[in-house]
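Here's the structure, in structure tokens; my notes come after.
The values are calculated or read from the model by the stated rules, or taken from the named source; none is laboratory data. Only a predicted model underlies this, so the values are computations on that prediction, with no experimental measurement involved. So basically every Cβ, Gly included, is an ideal-geometry build from the backbone, and we count neighbours across all protein chains shown.
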Amino acid sequence: MYCFSVRAFRSRLLSLGLPALLVLGPVPAPAAGGAARPAAAPYLDPGLPVAARVDDLLSRMTLDDKLGQMTQPERRYITPAEVGTYRIGSVMSAGGSAPSPNTAESWADMVDGYQKGALSAPLRIPMVYGVDAVHGHNNVVGATIFPHDIGLGAARDPALVRDIGAATAEEMAATGADWDFAPCLCVARDDRWGRTYESFGEVPELPSAMASLIDGLQGAEPGGPASVLATAKHFVGDGGTEGGRDRGDAKIPEEELRAVHLPPFREAVRRGVASVMVSYSSWNGVKMHANRYLITDVLKGELGFKGIVVSDYQGVDRIDGEAGFTRDEIAKAVNAGIDMVMVPRKWKDFIAGLRAEVKDGTVPMARIDDANRRILTEKIRFGLFERPMADRSRLTAVGSAAHRALARRAVAASQVLLKNDGVLPLRRDAKIFVAGRNADDIGMQSGGWTVTWQGSPGRTTPGTTILQGIKQVAGEQAKIDYNRDGEGIDETYDAAVAVVGEKPYAEYHGDRPGGLALDDEDVRTIERLRASGVPVAVVLVSGRPLDVASRLGGWNALVASWLPGTEGAGVADVLFGAVRPSGRLPVTWPRGEGEEPVNRGDGKEPLFPFGYGLTYGG
Ligand code: GLC
């Protein structure tokens, strides 16, 4: 007896590429509290090919559905109910935009709340929640905070970076956040840039190698357990702007753009990255957010990128350089190839403006359909229709001992020993004086993008400070004293450790066009230690090389520690020789501030060349 199955017949039609609307499947009564869920609809059938599911869903969508899918508001400016009413495709958290209390569980409650809103719309298309988990799930208090990218570039270990991606994805999955605006694959060419620490290095080979973070975030099989969408950013040339000005203009020939800044994106596309974020910066005077040649012809055409191109935060508003939103900016951005617009506040204006541009033909419907096809393909590829809610079984993974051990290993691998007259490694039975404003401060050693957008000094999240690490790793016979300013040191100590460097910052707040000198406070601390006659090892906690050439002669050792994150014991592992230093410079270290930009092969004479790094015992 052959039982006629609507579902089988519809699946057959779809597999032949025929529109499934010809076959009216049973549409059950509305689910409790929700709209009618077309349970038999092919787009809901995980057994069908992704393309067939997308075709079916697209055929059911109204213009409102499609415009909503392309809209990504910030959580503070939209309610879960509005997410359903306006068919919103994605919601995001700006840096530090968190629920209260800021715990993993309340994150899961918040994100699930928006998801329920999305699923209340007739087609019940799940929204995807985006966050900047750029060195762990760093918006969440209690999450594991890994070293920032510049330190991972110094470690030169793509497998380690992949494992960090996997750990980050697991902590994200627990909270329902399934889109990571990472990795930053920028190639930082001028260390005065405030985002230098978000770069894996100054040559394309390093960011390209560390694109392994994508494999960790997305998993071997996208859509598998703890698999989140990764984002290659910021396309393209953000690290090549004149003077290292954030959001500035990369005034370079296309040959250099292609040789230096494009390769990491080619590698990200090869690895199947789900999304690419467009840079705020310009190339030779043209805003990247309106650059159809680079987004559509090069990224989507030449590189064959099939995922989602997302704008940066209010990136479309900034195309004309004026405050506010115009229809012309919307049309320019969407026609340039941007598929999802990160429009934190004015998302209703965006939807209305885009609708008007479609109605008058400025933005062709084919462009809208292409954007939706890309968005829906990634949502289906990553299993959002089957698993739209937070995976609370992984809440115990957030800040877990295993993840912190991985982070500690990464911290140790990222340390670069630049000078050592023998004061390092420290003896475990020594009498050691520790000083410096970065020694006992989780916020200072984590840097920007930590709990808040800019990061901040203080005990911002659980972790181990560098001083606590020194006390943990030193033997019981050791005597460790600490004073932030170095007050109290005398000649009875075997060694002094000055942990100094930069305060946290993010983006343009970190631009330093005036130079990269050490802060006066740090200079005073080091000089106070040196005056005692005790040998001094300087540990530099910074997002980039600083101008130390004129002072280095008076230091007995120098370690570039970068921005290690919550696991400060990794620094102590190297200081005591539990782990031999193996890190190598991912960026050239300038001889003086007048030297920037300074990069491998530019003929200048740096203080330390790209790739430099010492170890113990020669
Ligand atoms: C920021 C950054 C970008 C980030 C986005 C969302 O301004 O440029 O890297 O992903 O906004 O927070």
Would you check if there is a residue in region 127-137 being at pLDDT 95 or above and in a helix (DSSP H, G or I)?
no
Which residue pairs have Cβ atoms under 7 Å apart, sit 6 or more places apart or on different chains, and have a first residue in region 542-563 that is in the same structural domain as GLY583 (by TED's automatic domain parsing) and a second that is acidic (Asp, Glu) and in a loop (DSSP other than H, G, I, E, B)?
SER542/GLU502; GLY543/GLU502; ARG544/ASP191; PRO545/ASP191; ASN556/ASP421; ALA557/ASP421
When region 84-106 is examined, which residues are found to be within 16 Å of the ligand (Cβ to nearest atom) and not in a loop (DSSP other than H, G, I, E, B)?
SER90, VAL91, MET92
What residue, of ARG408, ARG459, ARG367, is out of contact with any Cys (no Cβ under 9 Å at 6 or more places or on another chain) and either assigned by TED's automatic domain parsing to the domain that holds PRO564 or assigned to a loop (DSSP other than H, G, I, E, B) (or both)?
ARG459
Does at least one position in region 343-352 carry a residue that is outside the structural domain of ALA531 (by TED's automatic domain parsing) and within 21 Å of the chain's Cα centre (by Cα)?
yes
Name the single residue, out of those in region 317-358 being surrounded by fewer than 24 Cβ atoms within 10 Å (Cβ to Cβ), in contact (Cβ under 8 Å) with a residue 12 or more places away in the chain and of a type in the set (Asp, Glu), that is farthest from LEU67 (Cα to Cα).
GLU329
Within the set of pairs 6 or more residues apart or between chains, which connect a residue that is on the phi < 0 side of the Ramachandran plot and assigned by TED's automatic domain parsing to the domain that holds ARG60 inside region 372-386 to a residue that is at pLDDT below 95 and outside any helix (DSSP H, G or I) with Cβ atoms less than 6 Å apart?
ARG381/PRO222; ARG381/GLY223; PHE382/PRO222; PHE382/GLY223
I'd like the residue in region 119-170 that is closer than 16 Å to SER400 by Cα and in contact with an Asp or Glu (Cβ under 6 Å, 6 or more places away or on another chain) and, out of all such residues, is nearest to the ligand (Cβ to nearest atom).
HIS137
Kindly state which helices (runs of 4 or more DSSP H) lie completely within region 517-587 and contain at least 2 residues that are of a type in the set (Gly, Ala, Ser).
549-552, 569-575
